[in-house]
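Take a look at the structure set out below.
The values are calculated or read from the model by the stated rules, or taken from the named source; none is laboratory data. Only a predicted model underlies this, so the values are computations on that prediction, with no experimental measurement involved. Neighbour counts run over all protein chains shown; Cβ positions are idealised from the backbone, glycine included. Each accessible area value is taken on the protein alone, full model and side chains, heavy atoms only, with ligands, DNA and RNA left out. Shrake-Rupley method; radii C 1.70, N 1.55, O 1.52, S 1.80 Å.
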Amino acid sequence: MTTVRPSAALAEPVEPVGRGWTAALSLANGAIWVGWFGPLQILLASQARDFAPGSGMSKETMLAWVTGAGAVVSLLANPVFGALSDRTTARPGRRTPWIVAGAGGGASALLLLARAGGVWSMAVGWCLVQLTLNAAFAAVTAAVPDRVPRLQRGAVGGWLGAAQILGVVGGTGLATVAGGTGAGYALCAVCALAGVLPYVLRYDDLRLLPEDRPPWSWRSFLAGFWLSPRRHPDLGWAWLTRFLINLSNSLVLLYLLYYLRDRLHRPDPEQGVLVLTAVNGLTLMATVVAGGVWSDRVGRRKPFVVWSGVLMAVATAALAGWQTWPGAIVAAAVLGVGFGVFTSVDFALMTDVLPKALDRGKDLGVINVANALPQVAAPALAAPVVTYLGGYRVLYLVSAVIGLAGAVLVGRIRKVE
């Protein structure tokens, strides 16, 4: 009797990945974040400021609507493209085709967004950026549980987190120094495409054998996006903690440019955003890899996530009570320390609670909804708070409470130490 071996793509990885593989995947991840955060930190806010006069909307409301629409697209795109990559049997592998198509499409969408002439074309362009870059991001994150053993995932997650913050800083820097909105989008587009090439050209992907792909059914495909918290309680609690802590962080970042201009009265708020992002990035870089490696060595995840969430809540509360430029710098530094540990260890925790290998991309896409959904919820929550319910002081207090709740609820996860 012949034994049919399943695809290597469905096996639990046991061989540690090398530094070159980790570096190339991290570079691809960072390039995607450049494509997101150059617009989010600077370029979209600048376009909203230019398009708002005569539109009947304030710049804050316009920015909230555009980023919210893009986040809705991200909310749907990430799990859908993750599920499609799970089923891909192409010769280059399950993930590589989606990384290439997503990065190429994202670069094109950024160039289209640069030509926006009003709020509607701006919204369409940003939605296309979210659609395409989420295809690449879903495939990049799914490569980790495909290839990385469990006790190496904290370290790899740390390097991916370091690349993420470098992408945020790099995107913000490119948008700031480009000399104009169009040039800023062009630089982000080039970086988003070029950054994925070392990974896709140098490293082979695992191929799913056609006989291991389940038969197609619309009903089963759509039903697969519902991960019952009753059947998978650890996954449900892990998702909720990530959502709450990311919502807290999104509330801090959304109106940062306007906070510096309108509340702290900085003479060059765009430069101020770059400074705060750099400070945050330096402290995050100091902890993101170290936190992941430490978590791998002790074999525990939850304490790291709990205390990083508490630290972030304290820093956010400081923004409410210490509304000065030095206070903003200190808060940015402390937030970086907390978010660095959270980024690497929470990613490893998420991969530890995935239900099955066949659905890694789809399940991580559902988990990544906890990253995208805050982008929808944050504008809906922040705009009325800033406009009607007490301004930035109340906004940052609300953000601190939300982040603290996320840290506390980590304790409900039972499967992971």
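Residue-wise HN-Hα couplings along region 158-168, as the Karplus relation 6.51 cos²θ - 1.76 cosθ + 1.60 with θ = phi - 60° gives them from phi, are x, 5, 5, x, 4, 5, 4, 6, 5, x, 5 Hz; Gly and Pro carry x.
Taking packing as the residue-averaged number of other Cβ atoms within 10 angstrom, the listed peptides 133-145, 386-398, 38-50 run from highest to lowest as 133-145, 38-50, 386-398.
Rounded to the nearest Hz, the phi-derived 3J(HN,Hα) couplings of region 187-197 under the Karplus curve 6.51 cos²θ - 1.76 cosθ + 1.60 (θ = phi - 60°) are 5, 5, 5, 4, 5, 4, 7, 5, x, 8, 5, where x marks glycine and proline. Entry note, the chain: the mean residue ellipticity at 222 nm calculated from DSSP H runs of n ≥ 4, each adding -39500 (n - 2.57), is -25000 deg cm²/dmol after division by the residues and rounding to the nearest 500. Its alpha carbons considered, region 326-417 gives a radius of gyration followed by a Dmax of 16.3, 49 Å. Surface composition of the chain: carbon and sulfur atoms hold 67% of the protein heavy-atom accessible area at a 1.4 Å probe. Contact order for the chain, expressed relative to its length and based on alpha carbon pairs under 8 Å spaced 6+ residues apart, stands at 27 percent. When peptides 338-346, 79-87, 179-187 are ranked by their average number of other Cβ atoms within 10 Å per residue, the highest-first order is 338-346, 79-87, 179-187.
Ligands, DNA and RNA are left out, and with a 1.4 angstrom probe the accessible area of region 1-135 is 41 Å² per residue.
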